[in-house]
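Worksheet: the structure to be examined is printed underneath.
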Amino acid sequence: MAISLRNLSVDYSLQQGTAHALRGVSLEIQEGEMLGLVGESGSGKSTVALALMGLLANNAQVTSGTATIEGKNFDLTKRNATAALRGRGMAMIFQDPMLSLNPVFTIGAQLCEVLRRRAPGSDRKTRVEMAQDALAKVKLSNPARRMNQYPHELSGGMRQRVVIAMALLSEPALLIADEPTTALDVTVEAQIMREIIGLRDRIGCAVLLITHSLGLVTEYCDAISVLYAGEKLESGTVEEVQRQPGHPYTRMLFDCEVPIDRQRHADASENRFTVIAGELPDPRLRPPGCIFNSRCDVSFEDCTTINPSDYPVRNDAGHSARCLRLRTP
Amino acid sequence: MTDAISISNAQLRFGETVALDGVSLSIRRGTCFGIVGESGSGKTTLMRAILGLQRLDHGEIRILCNPLVHSRAALKQRAGFIQPIFQDPAASLSPRSRIRTLMNEVGTVLREPHAATRERLGVILNRLGLPPGVIDKYPHEISGGQARRVAIARALLMKPSILIADEPTAGLDVSVQGDLLNLLQDIRRSDNITLVVISHNLAIVRLIAENAVVMRAGKVVEGGEIGSLFGSPQEVYTRDLLAAWPSIRAANTKR
């Protein structure tokens, strides 16, 4: 059953005024698929996750938005709208596992807590067994010993495995992974991504991967959505978007990635890097027209006045982008 | 050509942990040198040792051919030609003082009139693309990319001949990352600075450095000229690192 998020808008009230962090963002994730949500810092990626989980800060206000998870509809503008799903229907993997695990409880205690909620009525012994089993499934060495250890005794990669084991125990319909490998090494990153894929395949959940690494998205995701300054600019299958980005921003993002086999100038000091000139627009005051207009390299007159709607790219129903150049005359 | 930094058989233990296990390397003046490896491989410890912030158990470090001396006077003198850019710029800037105060300290160390420091700072800020008003702000009021540029501005204000950057692009967006790397490249060429880049971003090190070493568990696993090091790695670990790198190559070949 597909998970969908429709027309999500979130405001943050700040001293300097109201910042519109998200404006009408819609996403759809098919069951058993992984959607990569990419964008720069400040584009609102994490706000999407927090709004879904109901973890937004006190100064945040969801002004519109509904979610459909496991066939049920949730009105996200209500406080704690998805509380019933936490720990059962939805699970989240945070960027820094040291901060998401409780430092004063053992790994075992924290895993069993999930089970107390997931399977009320089970006895302690079964829960411990299930928790150990989960640790073994995410390939954590010596699970029996890990159960009695505290988070600080484990390395970053091991901690992230514990969090994945937690997600595994709660058997969610939607798993949200917010920059799950940013704090980890490349070699560990690959292992953790494989564990997340393993988890998805085992319980058949939908995964929302929030990241700024296009490398990760192209390597592991099925679909991609590009967020910029709180608006979704493009979405489609990874293959299609990569082959022909519909939005200039997506193309520029791909150009900024540094491939490991890029042509190298013999004089190392001559190697240049691609940048996207300009800065994110003020979140308090949206400029008229296309949100990306000020940084776009192919913008034309209409871009300053018309806010583009979603146009299909190459007549592909699953691939669309919000760029006026895709308008059919 | 003389060496900017040469290290021979550096050894250091923290209790049971071997942080540096016989590291030897030399960095030629005016080049860019990359140090790559996973967390815990000793990259940052090595940087701290080069800066004289960490005493070695054994081994010798020479900076611009002079052996490293641990004394307050030597540390102060060293600050004039070797400058760090720490991994977390926000944490390396004091949260309680405005950027201006921080920059004025440089003048105090250099025994330079504040007016002269400010004039040079203006030029550097402009070059780094920072608004002049940034000096009146506190570190928490500026973005991550700006904080990193402020850290670089502070380092450059000392007029160093060697710049050591620990994970200069960690946590930055791809667009900002390119900007910062181009900047480092410019500085390197115009001021003929020796640049040492510590990073686990192999793709970037490959492009900006002439030579590099791969570290693991306090040892140099493999080192040499970038082209051959990344083109035909001899060690299994180097190959594993390269293979683990997520790449978008697949799409480029499809096109």
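No value in this document is a laboratory result; all are computed from the given coordinates. Fair warning: this is a prediction, and the values are worked out from it, not measured in the lab. Every residue, glycine as well, gets a Cβ built from its backbone with ideal geometry; the counts of neighbours run over all protein chains shown.
Across the stretch A:227-282, Cα-Cα pairs more than 13 Å apart make up 70 percent of the total. Note on A:ASP302 and B:LYS137: with the Förster distance fixed at 35 Å, the Cβ-Cβ geometry gives a FRET efficiency of about 0.40.
Kirkwood radius for the stretch A:245-329, taken over all pairs of different Cα atoms as the inverse mean of 1/r, rounds to 15.0 Å. Local charge for A:PHE105 was computed over the other residues whose Cβ lies under 14 Å away, with Lys and Arg +1 and Asp and Glu -1, and equals +1. For the stretch B:86-200, the extents of the C-alpha atoms along the principal axes are 38, 32, 20 Å, listed from largest to smallest.
In the stretch A:71-134, what is the volume of the convex hull around the alpha carbon atoms, normalised per residue and reported in Å³? Value for the stretch A:71-134: 135 Å³ per residue. Let me check I've understood the local charge: for A:ILE203, count other residues with C-beta under 11 angstrom from its C-beta, Lys and Arg +1, Asp and Glu -1. What total comes out? Surrounding charge for A:ILE203 is 0.
Please compute one quarter of the surface area of the Cα convex hull for the stretch B:53-118 and express it in square nanometres.
Details: hull surface 24.0 nm².
Computing the convex hull of the Cα atoms and averaging its projections yields 6.0 nm².
Among beta bridges identified by DSSP and lying wholly in chain A, the antiparallel ones come to about 60 percent.
Could you work out the mean count of beta carbons from other protein chains within 10 Å of each residue's beta carbon in A:253-265?
Mean partner-chain Cβ count within 10 Å for A:253-265: 6.
In the elastic network of chain B, a GNM with C-alpha springs shorter than 10 Å, the most mobile of B:GLU119, B:GLU105, B:GLU167 is B:GLU119.
For the Cα trace of the stretch A:113-170, dividing Rg by the Kirkwood Rh returns an Rg/Rh value of 0.96. When peptides A:251-258, A:24-31 are sorted by average Cβ neighbour count within 10 Å, with the highest value leading, the order is A:251-258, A:24-31. For A:LYS125 and A:GLU153, the FRET efficiency from 1/(1 + (r/R0)^6), where r spans their Cβ atoms and R0 equals 30 Å, is about 0.80. Arranged from fewest to most other beta-carbon atoms within 10 Å of their beta carbon, A:ARG264, A:ARG145 become A:ARG145, A:ARG264. Per residue, the convex hull spanned by the alpha carbons of chain B comes to 148 Å³. Where the alpha-carbon atoms of the stretch B:11-160 are placed on the principal axes, they occupy 47, 30, 29 Å, in descending order. Computed from label points 7 Å out along Cα-Cβ, the spacing between B:ALA244 and A:ARG194 is 1.1 nm. Centroid-to-centroid, using Cα positions, the stretch A:213-247 and the stretch A:40-55 are 17 Å apart. For the residues of B:198-205, the average number of beta carbons from a partner chain within 10 Å of their own beta carbon is 3. For the stretch A:265-305 versus the stretch B:188-213, the inter-centroid distance based on Cα atoms is 27 Å.
Taking Rh as the Kirkwood radius, which is the inverse of the mean 1/r over Cα pairs, what is the Rg/Rh value for the stretch A:166-249? Radius of gyration relative to Kirkwood radius: 0.98. Peptide A:271-280 is shielded by partner chain Cβ atoms: per residue, an average of 6 of them sit within 10 Å of its Cβ.
Could you compute the net charge surrounding A:GLY87? Neighbours are other residues with a C-beta less than 12 Å from the C-beta of A:GLY87; K and R count +1, D and E count -1.
Net charge in that neighbourhood comes out at +3.
Taking only the Cα atoms of chain A, the ratio Rg/Rh comes out at 1.00, with Rh defined as the Kirkwood radius.
Placing dummy labels 7 Å off each Cα toward the beta-carbon, the span from A:ASP133 to B:ARG96 is 5.5 nm. Taking max minus min of the alpha-carbon positions on each principal axis, the stretch A:53-202 gives extents of 46, 40, 31 Å, largest first. Taking a point 7 Å out from the Cα of A:ASN7 in the direction of its Cβ, the residues of the stretch A:33-64 whose backbone N falls within less than 13 Å of it are A:63-64. Panel order for A:HIS152, A:HIS20, by other beta carbons found within 10 Å of each beta carbon, from fewest to most: A:HIS152, A:HIS20. Does anything in the stretch B:1-35 have its amide N under 14 Å from the 7 Å Cα→Cβ label point of B:ARG62, and if so which residues? Only B:1-9, B:25-29 fall inside the zone, counting backbone N under 14 Å. Here the simple spin-label model places points 7 Å from the Cα toward Cβ, and for A:ARG262 and A:THR68 these points are separated by 4.2 nm.
Taking every DSSP beta bridge that has both ends in the protein assembly as shown, the antiparallel portion is near 60%. How large, in Å, is the stretch A:141-208 by the Kirkwood hydrodynamic radius built from its alpha-carbon pairs? With all distinct Cα pairs of the stretch A:141-208 included, I get 12.6 Å.
For A:LEU50, A:LEU35, what's the fewest-to-most ordering of other Cβ within 10 Å of each Cβ?
Listed from fewest to most nearby Cβ atoms, that is A:LEU50, A:LEU35.
With the contact rule set at Cα under 8 Å and sequence spacing of 6 or more, what percent relative contact order holds for the stretch A:191-272?
Worked out over the stretch A:191-272, it gives 18 percent.
Estimate the FRET efficiency between B:GLU112 and B:ARG29 by the formula 1/(1 + (r/R0)^6), using the beta-carbon distance for r and 25 Å for R0, to the nearest 0.05.
Computed FRET efficiency for B:GLU112 and B:ARG29: 0.50.
Each semi-axis of the equivalent ellipsoid for the protein assembly as shown is √(5λ) with λ an eigenvalue of the Cα gyration tensor; in descending order they amount to 41, 31, 24 Å.
Full extension of the chain between A:ARG272 and A:ALA144 gives 41.0 nm of extra length, using 0.36 nm per residue less the Cα-Cα distance.
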